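A.B. asks: Got a structure here, written out as structure tokens. Questions coming.
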Amino acid sequence: MKRTFGILFTLFVVLAALYVRADSTAPVVFQVSSLAAFKQGEYDGGTTFAELKSHGDFGIGTVNGLDGEMIALNGQFFQIKSDGTVHAIADSEKTPYAMVTFFKVDRDLRLPPQTRGFAQLQETLDRLIREVNSILAVKISGEFAYLKVRSVPRQQKPYASLEEVLKNQTVFELRNIRGSMVGFRFPSYMDGVNAPAYHFHFITEDRKTGGHVLDCTIEGLPVEIAVKSRLELILPSVLINVTP
Ligand SMILES: [Zn+2]
């Protein structure tokens, strides 16, 4: 009996390990909370970065208390504080809002010789992509001609809405700087769960600064796109105001 149990247990462990390995290549985006809840001031979540790392090596979001901008690239998770400094995030820290995936390139594109402004970047990418009903993970790396990025200061309770917090954002301008833009495009039918638009965070190649991208001028950089057809959503832990 003991032996049978031992064999079954071993089989279970092996199958569980195979499942985890298979899952890391699945086209899944793992998201903590919804944009609607986050916007209302839900800045404390229960998901640790250890858990977030088990669901992706690429992503964006923030840290509990809305303590700056979060960017994950090549499995490294960074926090960009409101003074623009970059800090590695400990596994024990938690996030109220984040989205991650295992980044596997499905499509390679190249931006035209000059893309001026964030609106033009969105229009250009929308013209180049076909998968408008999928979630797209998007990475743009190289030397950026111009970037305007922001971060936000850690909040104290009672938390203000995101709209109020953004009145105190700090904005940085970067020119001729090497680094990576990491972001997502969510389809329009997912409005509220996420933003039905492109959302990028940036980090310099030397990992010294970065932030949430507000504006940019990009000269012909390559774009890598991962197409995702599944979303795993961790629901907000509190009741949010729902207008009927
Ligand atoms: Zn952002």
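The values are calculated or read from the model by the stated rules, or taken from the named source; none is laboratory data. Note that the coordinates shown come from a computational prediction; the quantities given were computed from them, not determined experimentally. Every residue, glycine among them, receives a Cβ derived from its backbone with ideal geometry; neighbour counts consider all protein chains shown.
A.B. asks: Name the pairs: first residue in region 123-134 and in contact (Cβ under 8 Å) with a residue 40 or more places away in the chain, second residue of a type in the set (S, T, Y) and exposed (fewer than 15 other Cβ atoms within 10 Å of the Cβ), Cβ to Cβ under 8 Å, at least 6 apart or on different chains?
C.D. replies: N133/Y189; S134/S229
A.B. asks: Can you list residue pairs whose Cβ atoms sit under 8 Å apart, with the first residue in region 68-95 being over 17 Å from F200 (Cβ atoms) and the second being within 15 Å of the ligand (Cβ to nearest atom) and among the basic types (K, R)? Count only pairs 6 or more apart in sequence or on different chains.
C.D. replies: From region 68-95, the pairs are H87/K81.
A.B. asks: With the condition kept exactly as written, say whether any residue in region 1-20 is at pLDDT 95 or above and either outside any strand (DSSP E or B) or loosely packed, with under 14 Cβ neighbours inside 10 Å (or both).
C.D. replies: Taking every residue of region 1-20 in turn, none turns out to be at pLDDT 95 or above and either outside any strand (DSSP E or B) or loosely packed, with under 14 Cβ neighbours inside 10 Å (or both).
A.B. asks: Every residue in region 191-201 that is touching a residue at least 40 places away in the same chain (Cβ under 8 Å) and in contact with a Ser or Thr (Cβ under 7 Å, 6 or more places away or on another chain), please.
C.D. replies: G192, V193
A.B. asks: Also, quick follow-up: What pairs can you find where one residue is in region 175-190 and in contact (Cβ under 8 Å) with a residue 40 or more places away in the chain, the other is assigned to a strand (DSSP E or B) and of a type in the set (K, R), and their Cβ atoms are less than 9 Å apart, with a gap of 6+ or different chains?
C.D. replies: S180/K139; M181/K139; V182/K139; G183/K139; F184/K228
A.B. asks: Does V149 meet the test of being surrounded by 15 or more Cβ atoms within 10 Å (Cβ to Cβ) and touching a His at 6+ places or on another chain (Cβ under 8 Å)? Full working, then the answer.
C.D. replies: Working: surrounded by 15 or more Cβ atoms within 10 Å (Cβ to Cβ): yes; touching a His at 6+ places or on another chain (Cβ under 8 Å): yes.
For V149, the condition - surrounded by 15 or more Cβ atoms within 10 Å (Cβ to Cβ) and touching a His at 6+ places or on another chain (Cβ under 8 Å) - is met.
A.B. asks: Residue by residue through region 52-67, note down the ones that are within 16 Å of the ligand (Cβ to nearest atom), over 12 Å from the mean Cα position of the chain (by Cα) and at negative phi.
C.D. replies: N64, D67
Yes/no per residue for (1) more than 27 Å from G65 (Cα to Cα); (2) among the basic types (K, R):
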site: R116; (1), (2): yes, yes
site: L121; (1), (2): yes, no
site: R127; (1), (2): yes, yes
site: E131; (1), (2): yes, no
site: S141; (1), (2): yes, no
site: S151; (1), (2): no, no
site: L166; (1), (2): no, no
site: E173; (1), (2): no, no
site: N176; (1), (2): yes, no
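A.B. asks: It is to be established whether one or more residues within region 171-183 are of a type in the set (F, W, Y), within 24 Å of A88 (Cβ to Cβ) and touching a Leu at 6+ places or on another chain (Cβ under 7 Å).
C.D. replies: Scanning region 171-183, I find no residue that is of a type in the set (F, W, Y), within 24 Å of A88 (Cβ to Cβ) and touching a Leu at 6+ places or on another chain (Cβ under 7 Å), so the answer is no.
A.B. asks: Among what's in region 187-218 and is of a type in the set (D, E, K, R) and farther than 24 Å from N74 by Cβ, pick the residue that is farthest from the ligand (Cβ to nearest atom).
C.D. replies: Of everything passing the filter in region 187-218, D191 is farthest from the ligand (Cβ to nearest atom).
A.B. asks: Read through the list (1) at pLDDT 95 or above; (2) within 16 Å of the ligand (Cβ to nearest atom), then give the number of the only condition that E42 fails.
C.D. replies: Going through the list (1) at pLDDT 95 or above; (2) within 16 Å of the ligand (Cβ to nearest atom), E42 breaks only (1).
A.B. asks: Suppose the filter is among the hydroxyl-bearing types (S, T, Y), within 21 Å of L66 (Cα to Cα), within 16 Å of the ligand (Cβ to nearest atom) and surrounded by fewer than 18 Cβ atoms within 10 Å (Cβ to Cβ); does S161 pass it? Break it down into steps so the answer makes sense when it comes.
C.D. replies: Working: among the hydroxyl-bearing types (S, T, Y): yes; within 21 Å of L66 (Cα to Cα): yes; within 16 Å of the ligand (Cβ to nearest atom): yes; surrounded by fewer than 18 Cβ atoms within 10 Å (Cβ to Cβ): yes.
Judged against the criteria, S161 is a match.
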